[in-house]
Amino acid sequence: MAGHPTSPGPDDLGSAPPDHTTRAPGVTVSDTSAVHPPGGGPPLPAAASRLVHEHGVNAPRPRRVLALLADGRWWSADDLVQATGVAYTLVSSLLKELGEAGELVTGDEGRRGRVRLVRPDDYAGAASDALADPVAHLLPRYARALAELASAVEEGPASDLDLDHVTATAETALRRALFLATRFDLHDRVLLCVGDHDLTSIALTLVCPGARAEVVDIDERVLAHIDAVAARLDLGVRTHTADLRLGLPSTVRGVADVVFTDPPYTADGVELFVRRGVEGMADPRRGRVLVAYGASETTPKLAATTQSRLARMDLLFEAVWPDFNRYHGAESIGAASDLYVLRPLARTLPPPSGDAARVYSQGVNAKEARGGLDAERARAVLDRVREDLGGEGGGDGGSAAVAGAEPTLVGEWPAEVSESGRVRLSTWMDAPAPGGRCAVLNLTGGWERLAARAALASATDTVYALVPSSAACVRDAAGQRGLRALVEPRFRVRFLRGFGADDLTAVRLTRSPLSRDDAAPADPGAADASGGMEAAVDLLLVHVQERAHGTLTATLRAGLTEVSAWRGRPVNKRTARQAVSTAPRWLSGHTLLDLPEHRFAELRGVAAALLAQV
């Protein structure tokens, strides 16, 4: 304390120090610590001093803004937020008050929306010491990794606001990886990324080649981008598609040593993503969950609510690093978030306390969003199903066989139309379920991304997947082609607009007539012709698609033995197993339901190559 300008000297214990400062208007003697910045620099102008003093012990936050303005350049509020990590509300308020005090000049023409100080030299004392960054000293050693990450972030998909995406900076991804690699021993360990729009998996495997990363995300663009980058750089990263509201894919449950997630910044979103992370850990008590989470400093109750949720989940707050993560956007929270290091105290978590279906802060899955079916619309939909099954639908490959039968209802349905029961969507996607001859899947209310996979999960001959007409998979020709590509050749597809309501579309999927009898070659040599090979590939793909819950390696092995017998070239299980072992690495550990969408297009080539081997 001896060097502090406002502290009593060693020979003047308890007495007040002499006051040599000129008092600014409205500033009392006790305010001299606000006038004189830490370190004894020149005093700030009166208006700025008053603003800093009003923030009390949190004064370093506005000082960051003033220190940047002191360089005399033109600044916008957003630029100041990005550079300081101070929330937009505080930055804009500070600029407003400085402007009213005559301390700022506003730009015009090319500098519209920007400001600079009238007398920047008066603010030379605004800067104050900052806490040391825990990994800044390591960054220079990883310049090449940073360059790769910068390129990957630049080439990555745009943010999806319905998923609360805000892109983290490339340096943030690298700093996360360095923190993980230095705080923990991740050699021959597994990191589970619960959502990874920010490429943390790529960053870690660049920094620590001995680590492996499993990524679970619902955004197919993100998964395709991660796979492309990982393949180019030969990194140990695997990706899985999943809607985390329904659970983790079975292939990543209980496999991880450490978890990282940057979840939606709602209490329900944080709880859900952290919960899924813990479910993915091999031994939660020996691992850690790292969470990027931020809230504006003007809304501390939001952060308190989220932290209370985490505490009730029996998670120890081992550390919290303020402003560790920086973003291209999210100015409302200072374009920054904190890094939480959480330690699970038990193998299993207490029951969930939030709404797992509405976890995002905006879009169709926000808590405030409206969606789903009311009783009147649900009745209209089911009337259309019965009409379709008994009418023209009978001529489209098998629908006539189910006319008159009550369909199995899957998803959320009003009680007025589901007296005989319904199947939860989570149950439907988790394991094969008997579904009768026809199933109607209600995917309105934010579930439309699952249309193709929910249809493949069905054991029925006819499926109606009900989605909003605005859904990407039905609203235009490109979306419709994409959906067909995921479910063919097992299903024939038709899109029925205005299904029960003007804003609803039903995707009707009927089992293809393809069968071994229909595709049988005219003579023993026909199976070797191009047409016979195409039919064989289709048969193998149908075999896999009809067992969508099974692992691809298992369903391909069984399918190879069946299709080879049909071709007149029977093989045993050992031969089929050896053939499948030569398949691409990405195939292993997947079911069709968690296989990323971009891999579906490669399945036909894999099937053809396997058949050629046997």
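Quick look at the numbers
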read-out	value
Rounded, prolate or oblate (a/c below 1.5 giving rounded, otherwise prolate when a/b exceeds b/c) for the stretch 213-360 by Cα gyration tensor	oblate
The stretch 75-127: C-alpha gyration tensor shape, a/c 1.5 cut-off, then a/b vs b/c	rounded
Computed magnitude of the charge dipole of the chain (debye, nearest 20; Cβ of K, R +1, Cβ of D, E -1)	1580
Dipole of the stretch 178-251, positive end: most advanced residue of Ile218, Ile202, Leu178 [Cβ charges, Cα centre]	Leu178
Degrees, to the nearest 10: 300-312 long Cα axis against longest axis of the chain	50
Surface accessible to a 1.4 Å probe, Asp503 within the full protein complex, Å²	80
Tilt relative to the chain, helix 375-390 - C-alpha long axis, 0 to 90 degrees, to 10	30
Positive-pole candidate from Thr561, Gly589, Asn572, dipole of the stretch 542-593, charges at beta carbon	Asn572
Cα centre as origin, Lys/Arg/Asp/Glu Cβ charges: the stretch 111-195 dipole, Debye	380
In degrees, nearest ten, helix 267-279 long axis to first principal axis of the chain (Cα)	60
Charge sum, other residues only, whose C-beta stays under 14 Å from Ser418's C-beta, Lys/Arg counted +1 and Asp/Glu -1	-1
Point-to-point label distance, Ser361-Arg183, nm (Cα→Cβ direction, 7 Å offset)	2.2
Net charge of Cβ neighbours under 11 Å - reference Glu488; Lys, Arg +1; Asp, Glu -1	+4
Cα shape, the stretch 178-297, gyration tensor, a/c 1.5 rule	rounded
Cα-centre dipole for the stretch 227-377 with unit charges at Cβ (Lys and Arg positive, Asp and Glu negative), debye to 20	380
Top positive-direction residue, dipole computed over the stretch 431-496 with Cβ charges, set Gly446, Ala431, Val493	Val493
Theoretical ellipticity at 222 nm over the chain - DSSP helices of four or more residues, -39500 (n - 2.57) apiece, nearest 500	-10500 deg cm²/dmol
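The values are calculated or read from the model by the stated rules, or taken from the named source; none is laboratory data. Keep in mind the model is a prediction, meaning the values are calculated, not measured. Ideal geometry is used to build each Cβ from the backbone, glycine not excepted, and the neighbour counts take in all protein chains shown. Side chains are part of the model used for accessible areas, which takes the heavy atoms of the whole protein and leaves out ligands, DNA and RNA. Shrake-Rupley method; radii C 1.70, N 1.55, O 1.52, S 1.80 Å.
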